[in-house]
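Student: Got a structure for you, written out below as structure tokens; questions coming shortly.
The values are calculated or read from the model by the stated rules, or taken from the named source; none is laboratory data. Given the structure is predicted, the values throughout are model-derived calculations rather than measurements. Heads up, the Cβs are rebuilt from the backbone with ideal geometry, glycines too, and the neighbour counts pull from every protein chain shown. Accessible surface is based on the protein model in full, side chains and every heavy atom, while ligands, DNA and RNA are left aside. Shrake-Rupley method; radii C 1.70, N 1.55, O 1.52, S 1.80 Å.
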Amino acid sequence: MPAAARSARRRALAAVAALPLLIGALGACGYGSEKDSGTTGSGSTAGKNAEGKKLSADTVRIGYFPNITHATPLVGEQEGLLQKELGGTKLRSTTFNAGPSEIEALNAGSIDIGWIGPSPAINGYVKSKGKSLRIVSGSASGGVKLVVDPKKISSPDDVKGKRIATPQKGNTQDVAFLHWIAEKGWKVDPQSGKGDVSVVRTDNKVTPDAFKSGSVDGAWVPEPTASKLVSEGGKVLLDESSLWPDGKFVITNVIVSQKFLDAHPDVVEAVLRGSVRTNAWIKANPEKAKGSANAALKKLSGKELPAAIIDPAWKSIEVLDDPLAASLEAEADHAVKAGLLEKPDLSGIYDLTVLNKVLKAEGRPAVTAAKLGKQ
């Protein structure tokens, strides 16, 4: 590589590394990396979408995580399945490291639609008094594990007194772990993370190195971080799916800005049609979809995941369109019991009208919001 090119690359990498990430209890600034994924062109020249319609917005901005639990947008963007439904409307994507920062981006108008975990969605809805967002679809279940150092922890009771990482204070895995701790009868301050177990809020990108160095004894994390820890000698002590009825719990929802939903329901419909069709494609082509997700991760991180990591990670995720509303309500109760949230009024958090329209057109049954929104 020429010296000038190497210098430019170093400057680019330094710029990315310098992006701030200010973590708070329910939100963070620093909106991740952004890229254009769609076609170019103005609203006057935008082409029609797959349904033969010209949509009402020139651009739609989506957000998601570079995680296997966000397989739908990873594959949907990589394979062009989302863009196909948008036609001439440009798809622009931004990736995030945790849910609270994505909520901040949605509130700031930096993204319109996002794939996100239930706890940040609940927090965002409650904090805005029901005005900022709606959950409009499900996306995935599963893919969360408690991985530990087997030399230090051999049973659930051994977790007491240890240092366990979660991705961010108030995020979905943090709430789940605090609830599990409470169910064990142990005490932890939800703000500081100190108590019978030390809850160490650590970015998923940093957790494997922290685990390898011994600064944490385990982590309650989503895929592929969980499988990365296993590849470093960790052991799966608990799969969170074992704690839920039928082994299903929402790990990823689709949310939309209420303003964008009101102004551009046709664009939301196109994105949800792309999501539904992407999930169907993933289920029909699991191996090809796994490779597609890995290729997307390589674009985002610079390298693909080895088979020892992506194979077990991929198997633990189930993509779906049902938002599993009952499990979201339960997770809200867990956040309340953990002391991270006052008892919320979640009535209206779901608007599944557009999703059910898409499902009906696909010959699929409607899904419900468990009395928490429009059916």
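Student: Could you report segment 42-143's accessible area per residue, 1.4 Å probe, as an integer in Å²?
Tutor: On a per-residue basis, segment 42-143 sits at 28 Å².
Student: Counting only protein heavy atoms, what percent of the accessible surface of the chain is carbon or sulfur at a 1.4 Å probe?
Tutor: So the carbon and sulfur contribution to the accessible surface is 52 percent.
Student: Using modelled backbone amide H atoms (1.01 Å from N, in-plane), which distant-in-sequence or interchain residues come within less than 5 Å of Leu305's amide H?
Tutor: none
Student: Moving to a separate point now. Given Cβ point charges of +1 (Lys, Arg) and -1 (Asp, Glu) and nothing else, what value in debye, to the nearest 20, does the dipole of the chain about its Cα centre take?
Tutor: So the magnitude is around 840 debye.
Student: Which percent of the Cα-Cα distances in the chain go past 40 Å?
Tutor: 11
Student: Next up: Please label the shape of segment 206-259 as rounded, prolate or oblate, based on the square roots a ≥ b ≥ c of the eigenvalues of the alpha-carbon gyration tensor (a/c under 1.5 means rounded; beyond that, a/b larger than b/c means prolate, else oblate).
Tutor: Here segment 206-259 falls in the oblate category.
Student: Let me ask something else. Let me know the shape class of segment 139-241, please: from the alpha-carbon gyration tensor, a ≥ b ≥ c as square roots of the eigenvalues, rounded when a/c is under 1.5, otherwise prolate if a/b is greater than b/c, or oblate.
Tutor: Here segment 139-241 falls in the rounded category.
Student: Through the Karplus equation 6.51 cos²θ - 1.76 cosθ + 1.60, θ set to phi - 60°, convert the phi angles of segment 224-237 into ³J(HN,Hα) values in whole Hz; use x for Gly and Pro.
Tutor: For segment 224-237, the Karplus curve yields x, 4, 4, 5, 4, 5, 4, 5, 8, x, x, 10, 6, 7 Hz.
Student: Under the definition of Cα pairs under 8 Å and six or more residues apart, what whole-number percent is the relative contact order of segment 170-307?
Tutor: Value for segment 170-307: 11 percent.
Student: Which of the trypsin sites (Lys or Arg not before Pro) found in segment 230-320 are in a DSSP loop and have at most 14 neighbouring Cβ atoms, other than their own, within 10 Å?
Tutor: Of the trypsin sites (Lys or Arg not before Pro), the ones in loops of segment 230-320 whose Cβ has at most 14 other Cβ atoms within 10 Å are Lys303.
Student: Using a probe radius of 1.4 Å on heavy atoms only, what accessible surface per residue do you get for segment 178-331? Whole Å² is fine.
Tutor: 42
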